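Note sheet for the following structure.
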Amino acid sequence: MMRNPNPYEQDLDKNAANYAPLTPLTFIERTARVYPDRIAVIHGAQRYTWRQTFTRCRQLASALTKRGIGLGDTVAVMLPNTPPMYEAHFGVPVTGAVLNALNTRLDAESLAFMLDHGGAKLLITDREYSPIVEKALALAKNKPAVIDVDDPAFTGGKLLGEKDYEALLAEGDADHPWGGPADEWQAIALGYTSGTTGNPKGVVTHHRGAYLNAVGNIMVWAMPHHAVYLWTLPMFHCNGWCFPWTMAANAGTNVCLRKVEAAPIFAAIREHKVTHYCGAPIVHQTLINAPQELRKGIDHKVSCLVAGAAPPAAILEGMEQMGFSITHVYGLTEVYGPATVCAKHEEWESLPLAEQARLNGRQGVRYPVQEAVTVMDPQTMREVPADGETIGEIMFRGNIMMKGYLKNPAATREAFEGGWFHSGDLAVLYPDGYVKIKDRSKDVIISGGENISSIEVEDILYRHSAVMAAAVVAQPDAKWGETPCAFVELKSGASATEAEIIEFCRQHMARFKAPKRVIFGTLPKTSTGKIQKFMLREQAKSASAIE
């Protein structure tokens with residue numbers, strides 16, 4: 001007997017009236033129409049309303065389109081948290097092109113690789129980074145057109161491009177058509193993350209995921225309408241955890257910040273009544289350890305998100321004393337930034353601070369817009385017992401998940417093996433369903449919120465003429481959370497000092513990736529010659545504790 005057709009599918013098809021692909025680009029159009037005169041962006045003395053910001057985004061899109069930039073093209077930006085960086089998150093993708101926000105802390109070699117691999121047609125760069133960008137452009141085989149941002153808030157550097165950013169906007173039409181992609185699966189951004197070999201992998205994200213995570217940020221943080229958000233988090237980091245789009249949806253105010261320093265942060269919070277900001281633990285430690293006089297005059301509630309290493313009790317207590325409310329989140333570039341949150345419970349507030357720190361220090365549970373996160377045995381692909389002791393790998397599945405790695409199908413297949421995204425982070429699962437990281441299977445060191453591949457650092461160490469063998473692990477650091485600690489075995493008859501090794505690394509890679517400590521000696525190895533890093537981690541912890 002044939003089953004009757006589903007009546008809910010008969011003559012009820014998608015059409016232009018009942019379906020539109022999800023894209024965060026719609027947020028700014030709505031806010032510009034509903035709240036045209038509200039302040040959208042503050043940068044020093046500059047003030048842009050939502051109407052003005054939307055107009056500038058349209059001018060950027062128009063200027064790019066006139067230059068032949070469109071679907072499938074890449075536009076790279078090397079910018080601090082300033083209005084042009086915010087505008088790029090809208091003006092670039094509306095053309096169909098993909099935004100590649102470059103990490104401003106990287107070395108010239110890494111930047112050249114990204115410009116080549118991503119195939120950028122255009123590079124928008126701030127004068128502050130001209131020395132490193134000039135080197136990167138000389139090394140790159142792909143030579144993009146260059147536009148300079150001549151920010152009056154920065155003096156120094158030099159102009160590298162054909163024209164200034166404001167002149168580029170002047171080429172564009174203020175009434176340029178605005179719309180989203182025909183397919184929400186279309187790429188919106190390209191971000192690079194360290195791979196297990198130390199070579200960057202290009203993470204490709206889509207409009208659907210960016211839309212959902214932008215909304216998810218509002219949900220997990222219970223953000224009120226018209227929030228005032230301070231840009232302590234770099235917008236190059238996972239596209240600012242999708243907060244450029246979040247703030248457009250929120251119809252709030254973006255307060256720009258070129259450098260993360262205590263005095264300007266407190267001044268901005270006080271002057272603009274900042275309600276929200278994000279950052280790694282070091283940002284919060286910077287504020288806690290700042291002179292008391294800098295905090296004067298701040299009497300309103302400030303909410304902050306912390307990601308990276310779990311916030312220790314000292315940070316939780318320090319934030320509480322300042323009247324700041326801290327929420328712990330966790331994620332990766334591959335999941336658009338934060339994808340889990342340590343969702344708080346009212347009853348936790350009555351517990352001793354140490355217990356609150358233990359509970360709040362967990363990576364937590366999935367974002368409402370993510371389908372699933374759990375801890376699984378990567379071999380059997382079965383969930384580990386929720387006992388808080390059995391170690392497995394954190395796995396993600398859902399709509400805030402990257403499309404994959406650009407031009408790297410093997411890495412993409414490996415990442416999605418078994419129908420889940422393998423994070424590479426080793427963790428336990430608690431009875432209440434909360435996840436807690438215990439180790440990192442790929443030996444990635446998280447320093448000040450930035451990922452450092454230990455293998456990348458080891459590769460540089462092996463280039464030193466005196467080095468026979470090298471291994472790099474994380475060591476605890478009161479300021480940065482973690483820093484690289486190098487263990488070096490010298491060649492017979494060779495000599496080198498700690499300062500010499502550190503300086504050598506700094507000359508060949510971004511300075512923040514260089515080891516902060518070098519310990520010389522014979523490296524512990526297995527019978528097959530594999531370096532036993534677990535022993536080195538313990539040694540690094542002990543050495544750090546002695547200081």
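Values in this text are rule-based calculations from the coordinates and carry no lab data. In this text the structure is predicted, and so the values were computed from the model without any measurement. So basically every Cβ, Gly included, is an ideal-geometry build from the backbone, and we count neighbours across all protein chains shown.
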query: If you take the charge dipole of the range 216-364 about its Cα centre, with +1 on Lys and Arg Cβ and -1 on Asp and Glu Cβ, which of ASN254, PRO352, GLY364 is farthest toward its positive end?
result: ASN254
message: Using amide H atoms built in the peptide plane, which far-off residues or other-chain residues are under 5 Å from LYS525 H to H?
response: GLN532
- request: Subtract the Cα-Cα distance of ALA499 and ALA410 from 0.36 nm times their separation in residues, and report this length gain in nm to one decimal.
  value: 28.1 nm
query: Within the chain, what percent of beta bridges assigned by DSSP are antiparallel, to the nearest 5?
result: 60 percent
query: ALA189's amide H: which non-local residues (gap 5+, or another chain) put their own amide H closer than 5 Å, with H modeled 1.01 Å from N in plane and none for Pro or chain starts?
result: LEU99, THR205
field: Förster-model FRET efficiency, 41 Å R0, HIS300 and ARG3, C-beta, rounded to 0.05
entry: 0.10
- request: Report, in debye and to the nearest 20, how large the dipole of the chain comes out about its Cα centre when Lys and Arg carry +1 and Asp and Glu carry -1 on their Cβ.
  value: 480 debye
- line: For GLU166 and ALA478, extending 7 Å from Cα along the Cα-Cβ vector and measuring point to point gives, in nm, a value of 4.6 nm
- request: Assign one of three labels to the range 112-269, namely rounded, prolate or oblate, based on the Cα gyration tensor with a ≥ b ≥ c the square roots of its eigenvalues; rounded applies when a/c is under 1.5, prolate when it is not and a/b is larger than b/c, and oblate otherwise.
  value: rounded
statement: Long-range amide H partners of GLY364, meaning residues 5 or more apart or on another chain whose placed amide H is closer than 5 Å, are VAL435
query: Pulled fully out, how much extra length does the chain show between ASP150 and PHE534, if you take 0.36 nm times their separation in residues and subtract their Cα-Cα distance?
result: 133.4 nm
query: What is the dipole size for the range 153-240, taken about its Cα centre, with +1 at each Lys and Arg Cβ and -1 at each Asp and Glu Cβ, in debye to the nearest 20?
result: 500 debye
message: Order 137-144, 211-218 from most to least packed using the mean count of other Cβ atoms within 10 Å.
response: 211-218, 137-144
task: Of the DSSP beta bridges with both residues in the range 154-288, give the percent that are antiparallel, rounding to the nearest 5.
output: 60 percent
query: Based on DSSP H runs of at least 4 residues, each adding -39500 (n - 2.57), what is the mean residue ellipticity at 222 nm of the chain after dividing by all its residues, to the nearest 500 deg cm²/dmol?
result: -9000 deg cm²/dmol
- prompt: Shape of the range 230-328 from its Cα gyration tensor (a ≥ b ≥ c, root eigenvalues): rounded if a/c is under 1.5, otherwise prolate when a/b > b/c, or oblate?
  reply: oblate
- prompt: Rounded, prolate or oblate: which fits the range 200-269 when a ≥ b ≥ c are the square roots of the eigenvalues of the alpha-carbon gyration tensor, with rounded for a/c under 1.5 and prolate only if a/b beats b/c?
  reply: oblate
query: Tell me, in nm to one decimal, what length is gained between ARG30 and GLU134 on full extension, where the rule is 0.36 nm per residue of separation less the Cα-Cα distance?
result: 33.5 nm
statement: Of the candidates VAL283, ILE446, GLY96, the farthest towards the positive dipole end of the chain (Lys/Arg Cβ +1, Asp/Glu Cβ -1, centred on the Cα centre) is GLY96
task: Would you mind working out the magnitude of the charge dipole of the range 1-152 relative to its Cα centre, with +1 at each Lys and Arg C-beta and -1 at each Asp and Glu C-beta, to the nearest 20 Debye?
output: 340 debye
query: With θ set to phi - 60° and the Karplus curve 6.51 cos²θ - 1.76 cosθ + 1.60, what are the ³J(HN,Hα) couplings of the range 200-217 in order, to the nearest whole Hz, using x for Gly and Pro?
result: x, 10, x, 7, 9, 10, 10, 4, 4, x, 5, 4, 5, 6, 4, 6, x, 4
- request: Using θ = phi - 60° and the Karplus relation 6.51 cos²θ - 1.76 cosθ + 1.60, list the HN-Hα couplings for the range 387-392 in order, rounded to whole Hz, with x at every Gly or Pro.
  value: 10, x, 10, 6, 8, x
